[in-house]
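The values are calculated or read from the model by the stated rules, or taken from the named source; none is laboratory data. Quick caveat: nothing in here was measured; it's all calculated off a predicted structure. Every residue, glycine among them, receives a Cβ derived from its backbone with ideal geometry; neighbour counts consider all protein chains shown. Accessible surface areas use protein heavy atoms only, side chains included; no ligands, DNA or RNA. Shrake-Rupley method; radii C 1.70, N 1.55, O 1.52, S 1.80 Å.
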Amino acid sequence: MRLTILGNNGPYPAPGGACSGYLLESDSGNTAVLIDCGAGVLARLFERVSIDRLDAIVLSHLHYDHMSDMLPLHYALQFNPRKRPLDVYAPRTPGEVRALLEDRQIDLWPMRQATVGEMSLSFCPVRHPVETYAISVACDGARFVYTGDSNTDSALELFCNGADLLLADAGLSTADYSQEAPHLSAALCGKLARDAGVKRLLLTHFNPKYDPDELRSEAREFFPGAEIAACGESHYV
């Protein structure tokens, strides 16, 4: 699989940046799935694939920095109709936000195990103020895991176990972290990657107030190979 980083900020975009958005493509190029669709993601997505090439969208949760570009996507579908509706996997709550996703060219699905083209998707509930899921995608003999927005969770560690590539929510610095926080710290991302025995770690969901290089240094105290998920870059899983 190839992972392309379309956006890596949260809860709002940095100047010239974009919020959470990650494009996964199979080695054959026959399957393309967008994971999260935050502010600024749609334009970057269309630099990579056309809307009719997209097989599904998976939304880890329904906070605006992970789904707001779904709203102009309705217009894109209106002016570029597909042969069949676009599959969108999303949590059931908050209901008033999920209702914004409804469109005659979208088929809404709950967060349950699914096969999309060549990819096998599975989900794990994680700790966040709203219904949120970590996402695993298996394809081409490899497994990619995205934590979504989460704090520490034993189930999450098991879910990440042995992943070839872990994309983790480094939403906080160590100084700002607490057990009640809605996000992991960068250091805890490193610890998660180490304890779960993953092969590679990419940090994402950077609050613009932080220096990502400093967050990477914190993660590397536990996982020396930790890297930044930089916008526009692609990584092979």
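Here are a few things to note about the model shown:
- Close Cβ contacts (under 6 Å, 6 or more residues apart or on different chains) running from residues in the stretch 154-179 that are in contact (Cβ under 8 Å) with a residue 40 or more places away in the chain to residues that are of a type in the set (Lys, Arg) comprise Asp164/Arg143; Asp164/Lys199; Leu165/Arg200.
- The stretch 155-208, subset of a type in the set (D, E, K, R) and closer than 11 Å to Phe223 by Cβ, residue most open to solvent (accessible area, probe 1.4 Å): Lys199
- Residue within the stretch 67-78 that is closer than 27 Å to Ala170 by Cβ, surrounded by 16 or more Cβ atoms within 10 Å (Cβ to Cβ) and in contact with a His (Cβ under 7 Å, 6 or more places away or on another chain) present: no
- Hey, Ala99 closer than 24 Å to Thr204 by Cα, free of Cβ contacts under 8 Å to residues at least 24 places away in the same chain and open to solvent by 10 Å² or more (accessible area, probe 1.4 Å) or not: no
- Selected residue (only one of Leu101, Leu121, Leu42, Leu62 is within 18 Å of the chain's Cα centre (by Cα), under 19 Å from Gly29 (Cβ atoms), aliphatic (A, V, I, L, M) and at pLDDT 95 or above): Leu121
- Candidates are the residues of the stretch 194-237 that are among the acidic types (Asp, Glu) and in a helix (DSSP H, G or I); the one that is nearest to Ser154 (Cα to Cα) is Asp195.
- Hey, Ala90 under 14 Å from the mean Cα position of the chain (by Cα) and open to solvent by less than 40 Å² (accessible area, probe 1.4 Å) or not: yes
- Residue that is open to solvent by 10 Å² or more (accessible area, probe 1.4 Å), in contact (Cβ under 8 Å) with a residue 40 or more places away in the chain and under 19 Å from Tyr210 (Cβ atoms), where the choices are Gly17, Gly10: Gly17
- Residue count for the stretch 128-154 under the criterion of being under 19 Å from Leu203 (Cα atoms) and surrounded by 18 or more Cβ atoms within 10 Å (Cβ to Cβ): the result is 17.
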